[in-house]
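Beneath this line is the structure, given in structure tokens, with notes to follow.
The values are calculated or read from the model by the stated rules, or taken from the named source; none is laboratory data. Fair warning: this is a prediction, and the values are worked out from it, not measured in the lab. With ideal geometry, Cβ positions are generated from the backbone for all residues, glycine too; neighbour counts draw on all protein chains shown.
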């Protein structure tokens, strides 16, 4: 059911992949595949909650994939299963040909909140993965300084998190997730706690960072607009149980300008996804 | 605006200070006059002037003279500091083990609760039997009293860790030791310090109690001796020395706290 490479940016003719297993996009190799993944909270009694139901996701090398869905559709759960933080109740997750049984060193995570440790400076926070992974600190420091500069935090490396605004803290968190050069970046509503303007700027910023690094990104959001703007592919999920209802290939050329969001073709994607979700999501 | 608020803050600090001085002066003058007018004997309530003379006399003695305060204070301080260090190290270590290992918690917690309900100074005579009349029994008493507040506060700190932070460390496949050392331990420091602030007060208390029960040197010893000869002014002077010592110890703890948990805005409020 491969539709990768299909580039028809017209409404009603959207490149759509069903809920089945998605094949490799183009010539890119598969980095991660989740097959028939389930997650049930509780012990199977009447109180147990089925958070995820037979979800299939494939991430190719260098691909930017978003997941949109209403609150409680299990998108964060899906990310945490992919990260290896929790075991799935059913199905398998395969990363580079290996079963994910515990967190993988090749992954970086950005959470909804920055989760910076307040007793460490920004640079020390950024280098935390290096300390944990016992990697080369000198090289990482240099890399960290470059990354901080890239996200506009040059000169803030010796400040403590409390001295930074929410947006700056989240950018530091993004740098931390990139410091150990992960192949896969998992982002769980990273801009959820930011105000609308900062959020817009961070979205453009994230695209820039991605274009410079070409990591595989798995991006969880409840903003349809954000997902269409950033992604190669958007996965739409429904709630209770969490299921994939549709996937969209987003063909627009990069780098994408935020003005794109006001164009009709772009709007058509947003509208279709919104209709699927049956909500008046703020986009 | 900012200028006005700093100025009014300064003014209110000055006002508080002035009120304190006035209150103290009133107390001392009132005390002096009351003792004179009511003809209270010196051995019941000495005059402030008498206390002052005793204080100056006690502090003028050479540090090697057992009649002076310095000689006795040295012994008390030594026992207090050793007791504090031992008690707080044990308290933090046990709390960490209890928080990290469920079975340790189950194993130890009943005893902690049991000990908590025991008035711990009542153990002092036992320590004299075990450790004798030298510094050891004082250190043991001081450490015992320090242990509990440090243990209970630290345990709360080690147990309250944020899920996001745990997931961050877990996502890096951090070992249990790394998670503890990089995250749980520093995160618990505000609680640990709340315990240490109590612990330093208790360690001095423990030393004095041990000195009352049986010791050859220390402020507790000199207080009992002064009491025997009905030198009440001397007792008051010794109490002032102890209060000053306690104040210095607490100030050192506050300084260390400000240095190590500068990042925690909640701490200073929590133990205020």
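Going through region B:102-114 one residue at a time, which ones are in contact with a helix residue (DSSP H, G or I) (Cβ under 9 Å, 6 or more places away or on another chain) and within 20 Å of residue B:191 (Cβ to Cβ)?
Result: B:104, B:105, B:108, B:109, B:112.
Of the residues A:115, A:132, A:110, only one is within 11 Å of chain B (Cβ to nearest Cβ), in contact with a helix residue (DSSP H, G or I) (Cβ under 6 Å, 6 or more places away or on another chain), at pLDDT 90 or above and on the phi > 0 side of the Ramachandran plot; which?
Criteria check complete, one pass: A:115.
Go through region B:118-193 and tell me which helices (runs of 4 or more DSSP H), entirely inside it, have 3 or more residues that are at the interface with chain A (Cβ under 10 Å from one of its Cβ atoms).
In region B:118-193, the matching helices (runs of 4 or more DSSP H) lie at B:163-171.
From the list B:79, B:95, B:99, B:54, which residue is more than 30 Å from residue B:191 (Cα to Cα), at pLDDT 90 or above and crowded, with 16+ Cβ neighbours inside 10 Å? Write out each step before concluding.
On the way: B:79 fails: more than 30 Å from residue B:191 (Cα to Cα); B:95 fails: more than 30 Å from residue B:191 (Cα to Cα); B:99 fails: more than 30 Å from residue B:191 (Cα to Cα).
Selected residue: B:54, the only one of B:79, B:95, B:99, B:54 that is more than 30 Å from residue B:191 (Cα to Cα), at pLDDT 90 or above and crowded, with 16+ Cβ neighbours inside 10 Å.
How about region B:59-76: which of its residues are surrounded by 15 or more Cβ atoms within 10 Å (Cβ to Cβ) and modelled with pLDDT under 90?
Once the filter is applied, which keeps residues that are surrounded by 15 or more Cβ atoms within 10 Å (Cβ to Cβ) and modelled with pLDDT under 90, region B:59-76 yields B:61, B:68.
Confirm whether residue B:127 is within 26 Å of residue B:209 (Cα to Cα) and modelled with pLDDT under 90.
no
Looking only at region A:83-99, filter to residues that are under 18 Å from residue A:242 (Cβ atoms), within 14 Å of chain B (Cβ to nearest Cβ) and in contact (Cβ under 8 Å) with a residue 40 or more places away in the chain; which one of those is surrounded by the fewest Cβ atoms within 10 Å (Cβ to Cβ)?
The qualifying residue surrounded by the fewest Cβ atoms within 10 Å (Cβ to Cβ) is A:86.
Does residue B:159 qualify as being closer than 30 Å to residue A:129 by Cβ, in contact (Cβ under 8 Å) with a residue 24 or more places away in the chain and either surrounded by fewer than 16 Cβ atoms within 10 Å (Cβ to Cβ) or in contact with a strand residue (DSSP E or B) (Cβ under 9 Å, 6 or more places away or on another chain) (or both)?
Yes.
Determine if region A:40-63 includes at least one residue that is surrounded by 13 or more Cβ atoms within 10 Å (Cβ to Cβ), under 14 Å from the mean Cα position of the chain (by Cα) and at positive phi.
yes
I'd like to check which helices (runs of 4 or more DSSP H) are fully inside region B:208-272 and have at least 1 residues that are over 22 Å from residue B:196 (Cα atoms) and either within 14 Å of chain A (Cβ to nearest Cβ) or at pLDDT below 95 (or both).
B:219-228, B:232-260
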